[in-house]
Amino acid sequence: MLLALQEGFDVGDVESFKAATVLSGGVARRGETCGALLGALMALGLVSGRERIEDTQQYVHAVGVADEVCDDFQRRLEQEFGFDEPLRSTLCRDIQTRIYGRSFDLRNPVEREIFLSAGGHSDEGCYKVCGIAAEVAARKLLEQV
């Protein structure tokens, strides 16, 4: 996710890409915040983040835009996957539950295989979630540059 946005918008470097490695699967496969969304937010931070800790005005701006990205991401997941009720979370485990009817412990090899068999790494699974995160972030990034 981050690499695609870095290449598309010519931002960041290999170090920022390396730093994002551990975010997949909801942070080290723990089901926390969606790694695709985190990568999207990192790309946004590379474009609109502050360069000095004292720059609170830029901080407030970047966090506001990030909040919009999170809201847009949730709405798009609702639309694209046809969720009956609003998605009120950005947690990987909650997104999995909405898509697959349950969440998976991706650190457990057996659970990971069940996730993959359920379509986890298919065009209608996490790849679709990643695409939505990329599109939402790209639209916001275009507004920032």
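The values are calculated or read from the model by the stated rules, or taken from the named source; none is laboratory data. These numbers were taken from a predicted model, which means no experiment stands behind them. As a convention, Cβ positions derive from the backbone with ideal geometry for all residues, glycine included, and neighbour counts pool all protein chains shown.
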Query raised in the report: Could you say which residue among G64, G131 is modelled with pLDDT of 95 or more and surrounded by 15 or more Cβ atoms within 10 Å (Cβ to Cβ)?
Result: G131
Report summary line: Among (1) loosely packed, with under 14 Cβ neighbours inside 10 Å; (2) touching a residue at least 24 places away in the same chain (Cβ under 8 Å); (3) under 20 Å from A137 (Cβ atoms), E32 falls short only on (1)
**Report entry** Entirely in region 31-145, the helices (runs of 4 or more DSSP H) that have 2 or more residues that are out of contact with any Cys (no Cβ under 8 Å at 6 or more places or on another chain) and of a type in the set (K, R)
**Finding:** 56-81, 92-100, 126-144
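Identify, from the list V11, V27, the residue that is touching a helix residue (DSSP H, G or I) at 6+ places or on another chain (Cβ under 6 Å), in a loop (DSSP other than H, G, I, E, B) and either surrounded by 16 or more Cβ atoms within 10 Å (Cβ to Cβ) or among the polar types (S, T, N, Q) (or both).
Answer to the check: V11.
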Query - Members of region 102-145 found to be within 15 Å of the chain's Cα centre (by Cα) and either among the hydroxyl-bearing types (S, T, Y) or more than 21 Å from T90 (Cβ to Cβ) (or both), listed by number - result: Y127
